[in-house]
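Written out below as structure tokens is the structure these notes cover.
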Amino acid sequence: MSSTELFDIYNASNIHIGVDSRENVHAKGLWHHTFHCWIVDRSSGEDRLLLQLRHPDKDTYPGLLDISCAGHLLAGETVEEGVRELAEELGIVAAFDELTYCGMVPQESIISSDLIDREFNHVFLYESSRPVDEYSFQKEEITGLFTVGCDEFRELVLGQTEECWVDGVVTDLQGEGLIRERRRIGLHQVTPNSEEYYKLLFDNLKAR
């Protein structure tokens, strides 16, 4: 992503205080808003979440499994307009009213002395039974897609188990074809989120 992207910035109370570049926002640890969407497949009788495998060249959490779809809101962009991320990252054309809003969670990640990520995360759910190999995902950003059982993933991220299985596809060495893969993963292979974040997610999954 270009460092010339502009984000709306906020204070810790979520009051808008101006606009700054992506580079400065992360260097200074300025609060900004993001769009997070978790895709859940309920077609098999077992709820399964879609995870994306972050590209190894990403500036944050390279090579880790992450939220199905997530991105920053640009300056002037509304939360509703964040739905564009689904099309950009996964090739899903969805209307905003097809998503279920879970709520907003502030999170802070101090990755290094010059990379501090302070986000107000708007979290959504979207139901889809599309197989992993049928997503048209953004290969410059994502190198694979996996599904994981909701119950197993919840136990993993809440520290109730050490490992769980994920199933999916990864790009081949040329980045053109897809290879089927099954992995046993630990929490260190998943991008970090707070307990409050996961409580919000799983409470909404249970309620649906």
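The values are calculated or read from the model by the stated rules, or taken from the named source; none is laboratory data. On a predicted model such as this, the values are computed, not experimentally measured, just so you know. No Cβ is skipped: glycine too gets one built from the backbone with ideal geometry, and neighbour counts run over all protein chains shown. All accessible areas refer to the heavy atoms of the entire protein, side chains included, with ligands and DNA or RNA removed. Shrake-Rupley method; radii C 1.70, N 1.55, O 1.52, S 1.80 Å.
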Problem - Compactness index (Cα Rg / 2.2 N^0.38 Å), the chain - result: 0.99
Completion exercise
A 1.4 Å probe over the protein heavy atoms gives segment 64-164 a carbon and sulfur accessible-area percentage of 44
Handout entry: Folded to 0 to 90 degrees: helix 195-207 orientation relative to the chain principal axis, Cα
Key = 50
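Relative contact order of segment 1-49, please, whole-number percent, based on alpha carbon pairs below 8 angstrom and at least 6 residues apart.
With pairs under 8 Å counted, the relative contact order is 28 percent.
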Handout entry: Quotient of Cα Rg and 2.2 N^0.38 Å for segment 1-85, N being how many residues it contains
Key = 1.28
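With +1 on each Lys and Arg Cβ and -1 on each Asp and Glu Cβ, and nothing else charged, work out how big the dipole of the chain is about its Cα centre, in Debye to the nearest 20.
In debye, rounded to 20, the chain gives about 320.
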Practice task
Using a/c under 1.5 as the rounded threshold, could you call segment 88-166 rounded, prolate or oblate? The axes a ≥ b ≥ c are square roots of the C-alpha gyration tensor eigenvalues, and prolate needs a/b larger than b/c, oblate otherwise.
Solution key: rounded
Practice task
May I ask what percent, to the nearest 5, of DSSP beta bridges between residues of segment 1-159 are antiparallel?
Solution key: 75
Exercise for the section: For the chain, report the accessible area per residue in Å² (1.4 Å probe, heavy atoms, rounded to an integer). Expected result: 49
Practice task
Averaging sequence separations of C-alpha pairs under 8 Å and six or more residues apart, then dividing by the length of the chain, give the relative contact order as a whole percent.
Solution key: 21
Fill in the blank from the handout: Computed about the Cα centre, the charge dipole of segment 140-202 from +1 Lys/Arg and -1 Asp/Glu charges at the Cβ has a magnitude in debye, to the nearest 20, of 140
Completion exercise
Among T4, A95, C150, the residue whose Cα sits farthest towards the positive end of the charge dipole of the chain, when +1 is placed on the Cβ of each Lys and Arg and -1 on the Cβ of each Asp and Glu, is C150
Problem - Relative contact order (percent, whole number), segment 16-128, Cα cutoff 8 Å, 6+ residue spacing - result: 36
Handout entry: With DNA, RNA and ligands ignored, accessible area of D8 (1.4 Å probe; Å², nearest 10)
Key = 30
